[in-house]
Ligand SMILES: Nc1ncnc2c1ncn2[C@@H]1O[C@H](COP(=O)(O)OP(=O)(O)OP(=O)(O)O)[C@@H](O)[C@H]1O
Ligand SMILES: [Mg+2]
């Protein structure tokens, strides 16, 4: 039969070149082949141009994909005004934290930021990013506790088309969006165990796979993680992998609670008054000594976020040029702060909470029934329901997608 093909042949002068070869048979009336007619067409030059065009095209496509990813990441970033916030305070405790920030920022090391709620972990993570060599690249922030457990892996690592029901097209994960930049994994204690394994692989081998994919993807991403839960207790309760903890804990930064750096309170108060007064179009010129004493003697269990909220509220209500705070807002909350001797019961509460969360992950958010979390924990469903309420666990986030 007639044929046509591309072949690489050696020419008489010894040079190899690409040709199109084509042939047509000449047959007699019985169909026997009498002879072949053929052509050889030198396409070497054309092919070279085509290859280099293809390479240029691939390169452009790669750059375009990268720009697209960075664009998404930057858009998300700009949405969050906190990017431009300052770190206020001059206490020795805060200075020590900032000194560590300055040391670790220019390196590519993984950083683990710990501290109570509202102490400024996210602010510090952003400061590390801003001072790093990756500051012109993406900063992608993921709150691991806010994403339903069954969706976290796909959110972080992406998925291929058809990886699970509903995955009707390929989706890039946060690690791919952060390529070349920094990823901030907030509330890392909320990561399900399977996802911990995948994250460990990223940290150890700099690679991961999309869900439903079988091709390893290289990752050049700096990881900053934060948590306000006690990871050591979570390790003892077997819900956080110790190997992952050691990988994350390369450079720990612990942010002290506000009650351990009371010297910062006057500066923070002034800073927040300025901010909220100008927002509300008010002029506040002074703060009474009584108010300042009150603010400094209060233990601030919600730390700087709580201080910020109290001041915002007070500024809104303030009718004079002298700033004051309603004492009742502080007293009620201070009753809940526990003395140091209750550290053990704190730990037990954390462990209990983590065990319940782990059981909910396994049961897909179901509390009762033979496969429910209550059965796994060996307690009555009604007891578990009331514990879930009192520990403020959001059981809905464990439901499968
Ligand atoms: N030193 C500081 N100076 C000014 N603002 C601060 C400071 N520390 C924290 N803040 C502000 O307090 C609020 C809480 O900070 P941030 O969100 O970083 O806390 P967090 O430790 O991540 O809390 P959580 O554990 O609850 O997520 C933010 O609005 C932040 O801008
Ligand atoms: Mg936070």
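The values are calculated or read from the model by the stated rules, or taken from the named source; none is laboratory data. This is a predicted model, so every value here is computed, not measured. With ideal geometry, Cβ positions are generated from the backbone for all residues, glycine too; neighbour counts draw on all protein chains shown.
Of the helices (runs of 4 or more DSSP H) that lie entirely inside the stretch 78-164, those containing 1 or more residues that are under 19 Å from the mean Cα position of the chain (by Cα), within 14 Å of ligand 2 (Cβ to nearest atom) and without any contact (Cβ under 8 Å) to a residue 60 or more places away in the chain span 121-130. If you go through the stretch 202-218 and pick out every residue that is more than 17 Å from residue 111 (Cα to Cα) and either in contact (Cβ under 8 Å) with a residue 40 or more places away in the chain or within 16 Å of ligand 1 (Cβ to nearest atom) (or both), you end up with 7.
Each row is one residue, and each column tells you yes or no for (1) away from ligand 2 (no atom under 16 Å from the Cβ); (2) closer than 23 Å to residue 90 by Cβ; (3) touching a residue at least 40 places away in the same chain (Cβ under 8 Å).
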{"site": "267", "(1), (2), (3)": "yes, yes, yes"}
{"site": "279", "(1), (2), (3)": "yes, no, no"}
{"site": "284", "(1), (2), (3)": "yes, yes, no"}
{"site": "295", "(1), (2), (3)": "yes, yes, no"}
{"site": "320", "(1), (2), (3)": "yes, no, no"}
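A single entry from 177, 185 fulfils the requirement of being within 16 Å of ligand 2 (Cβ to nearest atom) and under 14 Å from the mean Cα position of the chain (by Cα): 185. Applying the set (1) farther than 19 Å from residue 195 by Cβ; (2) modelled with pLDDT under 95; (3) more than 16 Å from ligand 1 (Cβ to nearest atom) to residue 109 leaves exactly one unmet item: (2).
For the residues 175, 184, the requirement of being crowded, with 16+ Cβ neighbours inside 10 Å and in a helix (DSSP H, G or I) singles out 175.
One line per residue, one yes/no per condition, for (1) part of a helix (DSSP H, G or I); (2) under 27 Å from residue 73 (Cβ atoms):
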site	(1), (2)
240	no, no
247	yes, yes
253	no, yes
266	yes, no
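Scoring residue 300 on the criteria (1) buried (at least 19 other Cβ atoms within 10 Å of the Cβ); (2) part of a helix (DSSP H, G or I) leaves a single failure, condition (2). Could you tell me how many of the residues in the stretch 15-38 are in contact (Cβ under 8 Å) with a residue 12 or more places away in the chain and within 12 Å of residue 2 (Cα to Cα)? Summing the residues that are in contact (Cβ under 8 Å) with a residue 12 or more places away in the chain and within 12 Å of residue 2 (Cα to Cα) in the stretch 15-38 gives 8.
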